[in-house]
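A short write-up of the structure that comes next.
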Amino acid sequence: MMSFDGTVIAWYAVICGILSALAPSFGGRLVRVSVGALVGIVAATVLPLLRGLTGL
């Protein structure tokens with residue numbers, strides 16, 4: 001059975017919520033996809049660092 005990590009779900013929910021709120025102001029589809037990919041990479045990189053600092 002697969003276990004779910006609430007911290008990861010909450011982290012990506014916040015990141016995706018912020019991105020979706022700002023996305024219409026970014027312009028064309030290519031720009032939005034590029035920004036989304038960049039935000040995803042940054043979020044995936046930062047989460048382990050934050051977890052290490054907070055001990056979660």
Filtered residues of the stretch 14-29 (kept if open to solvent by less than 60 Å² (accessible area, probe 1.4 Å) and under 22 Å from Thr54 (Cα atoms)): Ile15
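One line per residue, one yes/no per condition, for (1) at pLDDT below 80; (2) touching a Lys or Arg at 6+ places or on another chain (Cβ under 9 Å); (3) surrounded by fewer than 10 Cβ atoms within 10 Å (Cβ to Cβ):
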site	(1), (2), (3)
Phe4	yes, no, yes
Val35	yes, no, no
Val46	no, no, no
Arg51	no, no, no
The stretch 3-31 residues that are closer than 14 Å to Ala44 by Cα, paired with ones that are of a type in the set (Lys, Arg) and part of a helix (DSSP H, G or I) (beta carbon under 8 Å, 6 or more apart): Thr7/Arg51
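The values are calculated or read from the model by the stated rules, or taken from the named source; none is laboratory data. As the structure is a prediction and not an experimental result, all values here were calculated from the model. Positions of Cβ are backbone-derived with ideal geometry, glycine not excepted, and every protein chain shown enters the neighbour counts. Just so you know, the surface numbers come from the protein's heavy atoms only, side chains and all, with ligands and any DNA or RNA stripped out. Shrake-Rupley method; radii C 1.70, N 1.55, O 1.52, S 1.80 Å.
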